[in-house]
Amino acid sequence: MGTIHLFRKPQKSLFGKLLQEFRHVAADRRSWKILFFGVINLICTGFLLMWCSSTNSIALTAYTYLTIFDLFSLITCLISYWVMMRKPSPVYSFGFERLEVLAVFASTVLAQLGALFILKESVERFLEQPEIHTGRLLVGTFVALSFNLFTMLSIQNKPFTYVSEAATTSWLQEHVADLSRSLCGLIPGLSSIFLPRMNPFILIDLAGAFALCITYMLIEINNYFAVDTASAIAIALMTFGTMYPMSVYSGKVLLQTTPPHVIGQLDKLIREVSTLDGVLEVRNEHFWTLGFGSLAGSVHVRIRRDANEQMVLAHVTNRLYTLVSTLTVQIFKDDWTRPTIMSGPVAANVLNFSDHHAIPMPPLKTTDDLTPATSTPAKPSSPPPEFVFNTPGKNVNPVILLNSQTRPYGLGYNHGPYSSMVNQGLGVPGIGATQGFRTSFTNIPSRYGTNNRIGQPRP
């Protein structure tokens, strides 16, 4: 049996947690207006769906989907208020800003799915066109238009406002902008309304209402029912073209990409950071979009050994904080040292047992395989070696690396240029001397090309 917890708190269900968070958001007075418009949206959507069924108009159904999209935008606005109230937690260290990005992405994708459904139904109606009743068609158009415009102009929806300005323009905005330039050339006072580009949500509401008005007139005049299907296709294409750039932009934010318009500014700031006093290298820089209008990033900075870490960190943060709101900077000092290379006669104070390394040398060839000029094997059939400099020959002195951070081994010889050191207490391993040290040179003849042993006088 497991542990019995007598006073364990019961865990809330998912619905209970959502209800608790909704109450937390509803306590703020700023959300009351959004809740009020949400209730009106549900009522208007219900009436519009009934009128779509009575008129049998698929164009009015496509326009009603824009009202449903307004409901999604109101929910996104509530999520934005909830994100502003919540603080980052240990589990979500960057906060909950990406939740409103996800809400915008889901809303735009659902709107595009609705447009695809309208296109599918319209293709089927072209094969068998039903009769359209215009009794509530014009009334439903003005009700939906009035509510959509009133909602867009009354509610300050920060997520959708930012996405509509940051995303690329839709094909509908580009065509309207071309017409607006020609119109503003005749009437300059309209440039503040139509230029540089109109709000895409207001534009699609006006364009959809205009298409429904044309549908109503053509059906009333000529009973041309196919224009209803054509208007539905036009509204669906305008909806898809308007929502697609926004879904692409929000999708790139969810994929943690760097916005193209700030790449040049980030490169300039990185170059400025690399020129700061004490900074040697800036590497492993990575920047991504955390939410709408907020960047996060991390960077590694290598500094000099004598530089002040806190001072460099303050300067780097001050330079990058203008663009990157959430920044992680890793400062590390340059501790890599280059060893000093010595060759030639070694002094007595160099061969210290605690200060140097002995370099292991490869086993030497026998004298029968060596030529008098070099240490390479003699091959009559092969040409002489091209590079014979600095090869381990008879005139090459051992190489000692100076390093004060480790404990190496020393070298000792009692012949040749090292005979003066033998008198100070250094001996050859295996030979009767005062002290013996481990060395990498074992059984080395005193002279190449002879059979003299160690310790025998040189001729």
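The values are calculated or read from the model by the stated rules, or taken from the named source; none is laboratory data. Note that the structure is predicted; figures quoted are calculated from it, not measured. Using ideal geometry, Cβ is built from the backbone for each residue, glycine included, and neighbour counts are taken over all protein chains shown. All accessible areas refer to the heavy atoms of the entire protein, side chains included, with ligands and DNA or RNA removed. Shrake-Rupley method; radii C 1.70, N 1.55, O 1.52, S 1.80 Å.
Table: residues versus (1) of a type in the set (D, E, K, R); (2) closer than 24 Å to SER73 by Cα; (3) assigned by the TED database to the domain that holds ILE202.
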residue	(1), (2), (3)
ILE118	no, yes, yes
ARG125	yes, no, yes
HIS133	no, no, yes
GLY140	no, yes, yes
MET152	no, yes, yes
GLN156	no, yes, yes
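PHE105: part of a helix (DSSP H, G or I), aromatic (Phe, Trp, Tyr), within 41 Å of the chain's Cα centre (by Cα) and modelled with pLDDT of 90 or more, yes or no?
Values: part of a helix (DSSP H, G or I): yes; aromatic (Phe, Trp, Tyr): yes; within 41 Å of the chain's Cα centre (by Cα): yes; modelled with pLDDT of 90 or more: yes.
So PHE105 fits the description; yes.
Tally time: how many residues in segment 300-313 are in a helix (DSSP H, G or I) and either among the hydrophobic types (A, V, I, L, M, F, W, C) or farther than 13 Å from PHE332 by Cα (or both)?
As a first pass, look at segment 300-313 and keep what is in a helix (DSSP H, G or I): 309-313.
Next cut, either among the hydrophobic types (A, V, I, L, M, F, W, C) or farther than 13 Å from PHE332 by Cα (or both) only: 311-313.
Of the residues in segment 300-313, 3 are in a helix (DSSP H, G or I) and either among the hydrophobic types (A, V, I, L, M, F, W, C) or farther than 13 Å from PHE332 by Cα (or both).
Restricting to segment 36-53, what's the tally of residues that are farther than 14 Å from THR141 by Cβ and either touching a residue at least 60 places away in the same chain (Cβ under 8 Å) or open to solvent by less than 50 Å² (accessible area, probe 1.4 Å) (or both)?
6
If you check PHE160 against the conditions, is it assigned to a helix (DSSP H, G or I) and either without any contact (Cβ under 8 Å) to a residue 12 or more places away in the chain or closer than 28 Å to ARG125 by Cβ (or both)? I'd like the intermediate steps shown before the answer.
Numbers: assigned to a helix (DSSP H, G or I): yes; either without any contact (Cβ under 8 Å) to a residue 12 or more places away in the chain or closer than 28 Å to ARG125 by Cβ (or both): no.
It is false that PHE160 is assigned to a helix (DSSP H, G or I) and either without any contact (Cβ under 8 Å) to a residue 12 or more places away in the chain or closer than 28 Å to ARG125 by Cβ (or both).
Restricting to segment 96-131, what's the tally of residues that are in contact (Cβ under 8 Å) with a residue 12 or more places away in the chain and within 19 Å of ASP205 (Cα to Cα)?
The initial filter retains those residues of segment 96-131 that are in contact (Cβ under 8 Å) with a residue 12 or more places away in the chain, namely 96-112, 114-116, 118-119, 121-122, 125-126, 129-131.
From what is left, the residues that are within 19 Å of ASP205 (Cα to Cα) are 104, 107-112, 114-116, 118-119.
Residues in segment 96-131 being in contact (Cβ under 8 Å) with a residue 12 or more places away in the chain and within 19 Å of ASP205 (Cα to Cα): 12 in total.
If PRO90 satisfies all but one of (1) under 21 Å from ILE202 (Cα atoms); (2) surrounded by fewer than 17 Cβ atoms within 10 Å (Cβ to Cβ), what's the number of the condition it fails?
Condition (1) is where PRO90 drops out.
List the residue pairs whose Cβ atoms are under 6 Å apart, where the first residue sits in segment 291-309 and is closer than 22 Å to VAL163 by Cβ and touching a residue at least 60 places away in the same chain (Cβ under 8 Å), the second is among the polar types (S, T, N, Q) and part of a strand (DSSP E or B), and the two are 6 or more positions apart or on different chains.
Close Cβ pairs (under 6 Å, with a partner that is among the polar types (S, T, N, Q) and part of a strand (DSSP E or B)) amount to ALA296/THR326.
Quick one: which of GLN112, GLN173, GLN129 is of a type outside the set (A, V, I, L, M), in the same structural domain as VAL39 (by the TED database) and modelled with pLDDT of 90 or more? Before the answer, list the steps.
Working: GLN173 fails: modelled with pLDDT of 90 or more; GLN129 fails: modelled with pLDDT of 90 or more.
Only one candidate qualifies: GLN112.
Among the numbered criteria (1) loosely packed, with under 15 Cβ neighbours inside 10 Å; (2) closer than 16 Å to GLY291 by Cβ; (3) of a type in the set (Gly, Ala, Ser), which single criterion is violated by ALA106?
Every condition holds for ALA106 apart from (1).
For every residue, the table says whether it meets (1) open to solvent by less than 80 Å² (accessible area, probe 1.4 Å); (2) at positive phi; (3) of a type in the set (Gly, Ala, Ser); (4) out of contact with any helix residue (DSSP H, G or I) (no Cβ under 8 Å at 6 or more places or on another chain).
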{"residue": "ILE118", "(1), (2), (3), (4)": "yes, no, no, no"}
{"residue": "GLU121", "(1), (2), (3), (4)": "yes, no, no, no"}
{"residue": "GLU124", "(1), (2), (3), (4)": "no, no, no, yes"}
{"residue": "GLU128", "(1), (2), (3), (4)": "no, no, no, yes"}
{"residue": "HIS133", "(1), (2), (3), (4)": "no, no, no, no"}
{"residue": "THR141", "(1), (2), (3), (4)": "yes, no, no, no"}
{"residue": "PHE147", "(1), (2), (3), (4)": "yes, no, no, no"}
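Taking segment 323-342 as the region of interest, how many residues are β-branched (Val, Ile, Thr), modelled with pLDDT of 80 or more and loosely packed, with under 13 Cβ neighbours inside 10 Å?
Let us first name the residues in segment 323-342 that are β-branched (Val, Ile, Thr), namely 324, 326, 328-329, 331, 337, 340-341.
So of that shortlist, the ones also modelled with pLDDT of 80 or more come out as 324, 326, 328-329, 331.
Filter once more, so that each one left must be loosely packed, with under 13 Cβ neighbours inside 10 Å: 328.
Residues that pass the stated criteria total 1.
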